[in-house]
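Since every read-out is calculated from the coordinates, none of them should be taken as a lab result. Here the structure is a predicted model, which means the values were calculated and not measured. Here the Cβ is made from the backbone with ideal geometry for all residues, glycine too, and neighbour counts use every protein chain on show.
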Amino acid sequence: MWNYEKRLQYPINIKTPNAKIAQYIMSQYGGPDGEISASLRYLSQRFAMPNRMAAAVLNDVGTEELAHLEMVSTIVHQLTRDLSMEEIEKSGLGAYYIDHTVGVWPQAAGGIPFNACEFQSKGDPLTDLFEDLAAEQKARATYDNILRVVRNIPEIADPIRFLRAREVVHFQRFGEALRSVQEQLDSKNFYAFNPGFDMPCEASCKNS
Amino acid sequence: MMYHNSSCSRTQLLQQINEVSFAVDDLLLYLDTHPCCEKGMALYKEYAEKRKNLMKKYAECYGPLTIDDALETNADTWKWMEQPFPWEREGGCR
């Protein structure tokens, strides 16, 4: 169960609209390495985790990703409000405008709609956690690409830097979750069984 | 044992929390479209207070259900992570 807090995790106040940059940053909302992908990936994968620590990391990072998708869509909204028709047409946002006006809709920078095939939920904790580590790096690299474009615009660059830093923290926590899973596996063969399917629950989740 | 014994069981307490929380959820939606309704406000106040107290009691007896109650446990270590997920089978972790 979730409760909503009517605030952003990091404040965003963009005063100058910019249709071109909105189109780029939109990718971190509904693109292949975006925040919708991230949140749905972790919140879906939670169920297969074989210990409380790994499940807690997926649950709590997945929850934070919901706050991040709100931040990214706030950036897109603030960059597209008060745009003139001329700016929309000149910037290349015209095709998006025809379908969505300036409503926020999840798509990649290249216009591909959000699709659940952008993430996997394999039901195998090692596979899922390695995907999560890669996902955090892909998102970090996308934020680096965005930062090369917006580095001289502090009102956009500041929240993007915050989001980039969180990817690095999440990568670290997923590494620790992975280790917690590996420690309950056969150290001579991590792949001897799938702890999300073959083995009943281990002691690590018993109530103390 | 770091948790207090309670007058009611975990399941009973959770059931009470579910009931008052649903009242809060429903009143929230109602008040969004009827912000001046006095009766709605009074009911919200009643259920929100009950919920707050029950959540606190649950955290003290069985561990936190929400991060805001993470320190209501009187334990020295982080109890949030150990809490069972609501889909788990009793005694297991899935």
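Look at B:L71, A:L83 and count the other Cβ atoms within 10 Å of each Cβ; fewest to most, that gives B:L71, A:L83. Here the protein assembly as shown is treated with +1 on each Lys and Arg Cβ and -1 on each Asp and Glu Cβ, and its dipole about the Cα centre works out to around 300 debye. Listed from fewest to most Cβ neighbours within 10 Å, the set A:I36, A:I88 follows the order A:I88, A:I36.
Per-residue ellipticity at 222 nm computed for chain A from its helices equals -19000 deg cm²/dmol, with DSSP H segments shorter than 4 residues left out and the rest contributing -39,500 (n - 2.57). Quick one: grab the alpha carbon gyration tensor of the protein assembly as shown, order the square roots of its eigenvalues as a ≥ b ≥ c, and give me rounded if a/c is under 1.5, else prolate or oblate depending on whether a/b is larger than b/c. Oblate, because a/c is 1.5 or more while a/b does not exceed b/c. In the elastic network of chain B, a GNM with C-alpha springs shorter than 10 Å, the most mobile of B:Y30, B:Y62, B:Y47 is B:Y30.
In order along segment A:52-58, phi translates into HN-Hα couplings of 5, 5, 5, 5, 5, 4, 5 Hz, rounded to whole numbers, per the Karplus curve 6.51 cos²θ - 1.76 cosθ + 1.60 with θ = phi - 60° and x for Gly and Pro. Counted by neighbouring Cβ atoms within 10 Å, the residues A:D60, B:D68, B:D32 run from fewest to most as B:D32, B:D68, A:D60.
Between the Cα long axis of helix B:38-62 and the first principal axis of chain B there is an angle of about 0°, rounded to the nearest 10.
Please check: in the Gaussian network model of chain A (C-alpha springs, under 10 Å), which one of A:P11, A:P195, A:P32 has the largest mean-square fluctuation. Comparing A:P11, A:P195, A:P32 in the GNM, the peak value goes to A:P11. Remark: segment A:152-166, residue by residue, has Karplus-estimated 3J(HN,Hα) of 8, 10, x, 5, 9, 5, 4, x, 5, 5, 4, 4, 4, 5, 5 Hz, where x stands for each Gly or Pro and the curve is 6.51 cos²θ - 1.76 cosθ + 1.60 at θ = phi - 60°. Basic side chains Lys and Arg get +1 at the Cβ, acidic Asp and Glu get -1 at the Cβ, and with that the dipole of segment B:10-82 about its Cα centre reaches some 180 debye.
In segment A:19-205, taking the dipole from charged Cβ atoms about the Cα centre, the farthest positive-side position among A:Q137, A:V181, A:F119 is held by A:Q137.
The C-alpha atoms of chain B define a longest principal axis, and helix B:10-33 lies at about 30 degrees to it. Within the listed set A:S37, A:S84, A:S73, the residue fluctuating most in the Gaussian network model of chain A (springs between alpha-carbon atoms under 10 angstrom) is A:S84.
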